[in-house]
Structures are given as structure tokens and as C-alpha cells.
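Beneath this line is the structure, given in C-alpha cells, with notes to follow.
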Amino acid sequence: MPPAQGSCLCGAVAFEMTGTPKRVNHCHCSRCRKVRGVANATNLLVALDGVRFLRGTEHLTTYRLPEAKFFAHVFCKICGGSMPRLDEGRGIAIIPMGAFDDDPGVKPERHIHVASKAPWDEIHDALPVFPGPPDEM
């Protein structure tokens, strides 16, 4: 599969995914909803070495909730665009699907953290549903 490129809204930050995607989740947790301002965050997971930044890392900033074990939000400090988060502890990169400029060649495969979805959010597809985190990411 050829590399899929992505960038932030203003173009200051750019990245490339060269690895094979492991998973694509629609996450309905309240943290993802709040940080992205949407019903769910669609995230692609790839091995840590499967993504690299092409430019603009000096424009990245990270927000971490003190009480969260894994959650963090990486974004461009110029435009606020969500960018890939490198989770070295778990050996994965979490890429917001909306940040891709190219087709990454995969589609969402499941809904996670559905027990905390917004009451107005309705799931209209037949993808598997998990009330919380699945056993494997």
C-alpha cells in the first residue's frame, strides 16, 4: 500500500502513514466527543514506526488529562487541527481519520465506548459495538 499523507487545517503540520493499519475505531467516549466536537472520533491505529511527521512538529501541542491513563489530544497550535498521537507506551500511533489528505485504504470496523455515547447519537450501521474498550486495540 502506498503511503497515505495527511495534514492539519492550515497545512503547517504534515505526516505520512507508511505502516499497515491495525484497527479503525469509531470512539464514542465523552473525552473524544468533547475534544473533537463530534458524536464520535474515528481513529486509525498503526504501529508506532508506521507514521512519521514530514514537517511542523514545532507546531504540535499535546493536552493530557491528569487522571487519564491513555487519553491525550495532539493538535496544531496554529489552527487546532487534530494530529496523530504517538503512544510510545503501547507502541502505537493513533491517527484521526479526518486528518488524512489521501485515502488510507481502510474503513471503520467497530464502535467502542458506546456505553458513554451522547444520548442524541444513534448508530445506523451494522459494525460491532463495544460498551467500553475492546480487549485489544
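Structure notes:
- Positions within the range 51-83 being of a type outside the set (A, V, I, L, M, F, W, C) and within 21 Å of MET17 (Cα to Cα), in sequence order: ARG52, ARG55, GLY56, THR57, GLU58, HIS59, THR61, THR62, HIS73, GLY80, GLY81, SER82
- All positions within the range 26-40 that are touching a strand residue (DSSP E or B) at 6+ places or on another chain (Cβ under 8 Å) and either in a strand (DSSP E or B) or not basic (Lys, Arg) (or both): HIS26, CYS27, HIS28, CYS29, CYS32, VAL35, ASN40
- Options LEU60, LEU45, LEU54; residue that is aliphatic (A, V, I, L, M), surrounded by fewer than 15 Cβ atoms within 10 Å (Cβ to Cβ) and closer than 20 Å to PHE15 by Cα: LEU54
- Subset tally (residues that are over 30 Å from TRP120 (Cα atoms) and touching a helix residue (DSSP H, G or I) at 6+ places or on another chain (Cβ under 6 Å)) for the range 19-35: 1
- Long-range neighbours under 6 Å by Cβ, at least six apart or interchain, first residue part of a loop (DSSP other than H, G, I, E, B) within the range 1-25, second polar (S, T, N, Q): PRO3/THR18
- Just one of the numbered conditions (1) touching a Ser or Thr at 6+ places or on another chain (Cβ under 8 Å); (2) part of a strand (DSSP E or B) is not true of PHE53: (1).
- Meets criteria (modelled with pLDDT under 95, within 23 Å of PHE15 (Cα to Cα) and out of contact with any Phe, Trp or Tyr (no Cβ under 7 Å at 6 or more places or on another chain)) for GLY132: no
The values are calculated or read from the model by the stated rules, or taken from the named source; none is laboratory data. Worth saying up front: this structure is predicted, and the values here are computed from it rather than measured. Here the Cβ is made from the backbone with ideal geometry for all residues, glycine too, and neighbour counts use every protein chain on show.
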